[in-house]
Amino acid sequence: MSLSACSSSSTEARVSLEEGRTLLESGQALVFDIREPREHATGVAPGAQLLPMSQLNRRMSDIPRTPDQPVLLICNTQNRSARAVQALREAGWTNVRYVHGGMSGWARRGWPMVGSSG
């Protein structure tokens, strides 16, 4: 699977920052922060799992495929996460969306962030 050649996802493949935060905090979705470790060092959303985009191809098995387990990807803005969602959908995932606005929008809102542990 090539993540760099994908086009942008449609609006149905995304959630707003507000919805993403609600789904994460309520436990209704798994959230994977696909930023790189140097970006994780600036802080991550509490409860988000770290899965750097550079490791995504070899760690795809970490992302559930079952339709009953919603998955959200978040990066800094939404460019990488939108491409990754498109690629995952092309590879058969049906339960994955990206968080529009990304962690830069999260931080601008002053929402909780924690230090990364990895």
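A short reminder: the numbers here are calculations on the coordinates, not readings from a lab. Please read all numbers here as calculations on a predicted model, not as lab measurements. Cβ coordinates were reconstructed from backbone atoms using ideal geometry, including for glycine residues, and neighbour counts include every protein chain displayed.
Dividing the mean sequence gap of close Cα pairs (under 8 Å, 6+ apart) by how many residues the chain holds gives a relative contact order of 36 percent. Proximity of backbone amide H atoms, modeled 1.01 Å from N, is registered between Leu50 and Asp33 at under 5 Å, excluding neighbours fewer than 5 places apart on the same chain.
So if we plug the beta-carbon distance of Thr22 and Arg65 into 1/(1 + (r/R0)^6) with R0 = 25 Å, what FRET efficiency do we get, rounded to 0.05? Mind dumping the intermediate values first?
On the way: r = 23 Å, r/R0 = 0.93.
Once rounded, the FRET efficiency stands at 0.60.
Tell me the mean residue ellipticity at 222 nm calculated for the chain from its helices only (DSSP H runs of n ≥ 4, each -39500 (n - 2.57), averaged over every residue, nearest 500).
Values: 4 runs with 32 residues, N = 118.
Result for the chain, helices only: -7500 deg cm²/dmol.
Based on other C-beta atoms within 10 Å, arrange Val99, Val85, Val31 from fewest to most. Could the numbers behind the result be given before it?
Numbers: Val99 32, Val85 26, Val31 22.
Lowest to highest Cβ neighbour count: Val31, Val85, Val99.
A straight chain from Gln55 to Ala107 at 0.36 nm per residue would run longer than the Cα-Cα distance by 16.3 nm.
Rounded to the nearest 10 degrees, the angle from helix 79-90 to the longest Cα principal axis of the chain is 30 degrees.
Taking loop as defined by DSSP and a crowding limit of 14 other beta carbons within 10 Å, which trypsin sites (Lys or Arg not before Pro) in the range 28-118 fit? Working shown, then result.
Values: sites: Arg35, Arg38, Arg58, Arg59, Arg65, Arg80, Arg83, Arg89, Arg97, Arg108, Arg109; in loops: Arg35, Arg65, Arg109.
Within the range 28-118, the qualifying trypsin sites (Lys or Arg not before Pro) (loop, at most 14 other Cβ atoms within 10 Å) are Arg109.
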